[in-house]
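The values are calculated or read from the model by the stated rules, or taken from the named source; none is laboratory data. Everything numeric here is computed off the predicted structure, so don't read it as measured data. As a convention, Cβ positions derive from the backbone with ideal geometry for all residues, glycine included, and neighbour counts pool all protein chains shown. We work out accessible area using only protein heavy atoms, side chains counted, and drop any ligands, DNA or RNA first. Shrake-Rupley method; radii C 1.70, N 1.55, O 1.52, S 1.80 Å.
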Amino acid sequence: MPAGTLYRGREGMWSWVAHRVTGVLVFFFLFVHVLDTALVRVSPEAYDDTIAVYKTPIVAFMEYGLVAAVLFHALNGLRVVAVDFWNKGARYQRQMLWTVVGVWAVLMAGAAYPVLGHAFRELFGS
Amino acid sequence: MAIETTQVTDTTYSPDNPAPVIEPPRARTGRTPRATRTNFELYGWLFMRLSGIVLVVLVLGHLLIQLVLDGGVSKVSFAFVAGRWASPFWQAWDLIMLWLAMLHGGNGLRTIINDYAERDTTRFWLKMLLYTATVFTVLLGTLVIFTFDPNIR
């Protein structure tokens with residue numbers, strides 16, 4: 001098989017796969033999130049009891065995962081827009097993906113303490 | 001030059017003996033299925049990009065407010081929601097975010113179902129389930145934003 005003639009593997013395909021997977025994950029969360037927010041129409045207690053689940057350590061890690069998925073989908077989505085609408089977009093798609101990964105890593109590092117801090121305080125005391 | 005190669009065949013076409021018409025591959029004719037007679041997929045493609053750009057601002061702002069600023073998720077409560085939805089600005093923010101995100105996600109899942117569900121009936125019912133869930137969620141969320149009552153208790 002001649003190398004490099006198939007659209008398979010490398011940054012182009014894997015960013016496409018990651019975009020689909022993160023998109024599906026975020027969509028399913030969105031469905032649940034609208035349902036839990038709708039509890040404000042039931043009673044303040046029903047809402048606060050459910051939101052308490054979001055404050056537990058285990059769910060805090062899932063929230064960090066949600067932030068990871070949303071951030072990648074958002075940044076890579078901007079890259080997709082650039083590929084489609086910028087006349088040099090396709091030529092620089094690989095460099096743009098690594099830029100996306102770099103910005104994503106910086107933002108994830110910055111989100112770690114605000115999103116996970118309370119979970120660590122609860123797990124390891126004060 | 002090109003003319004010589006086309007003249008190789010015996011038939012010579014003229015106004016009285018016109019060559020058979022070959023339709024362009026994607027021409028829309030009377031026999032084209034209804035589903036492909038509109039530019040729906042083009043508008044869907046454009047909507048994903050335009051709504052995506054808006055959602056980057058709305059959703060990342062939402063995550064910043066709910067999960068990062070002021071103690072992160074720990075401060076979220078009924079009172080916090082009531083405080084934010086007292087402002088028409090945040091009501092509009094959440095309403096636009098709800099509609100764009102659900103339509104963006106719904107169209108994304110429609111694409112994925114079309115790609116991976118190969119049997120016609122499977123594809124049809126998965127999309128019916130998707131459309132039902134999407135319409136239900138959009139309507140429920142809209143109702144909640146418009147009928148929110150801070151003095152419910």
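What the table below lists for this structure:
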item	result
Segment B:113-153, subset of a type in the set (D, E, K, R) and part of a helix (DSSP H, G or I), residue most open to solvent (accessible area, probe 1.4 Å)	B:Asp120
Odd one out for A:Ala74 among (1) small (Gly, Ala, Ser); (2) in contact with a Leu (Cβ under 7 Å, 6 or more places away or on another chain); (3) more than 28 Å from B:Trp99 (Cβ to Cβ)	(3)
Verdict on A:Tyr92 being more than 10 Å from chain B (Cβ to nearest Cβ) and either at pLDDT below 95 or in contact with an Asp or Glu (Cβ under 6 Å, 6 or more places away or on another chain) (or both)	yes
Set A:Ala109, A:Ala119: member being more than 21 Å from B:Lys75 (Cβ to Cβ) and either more than 9 Å from chain B (Cβ to nearest Cβ) or open to solvent by 50 Å² or more (accessible area, probe 1.4 Å) (or both)	A:Ala109
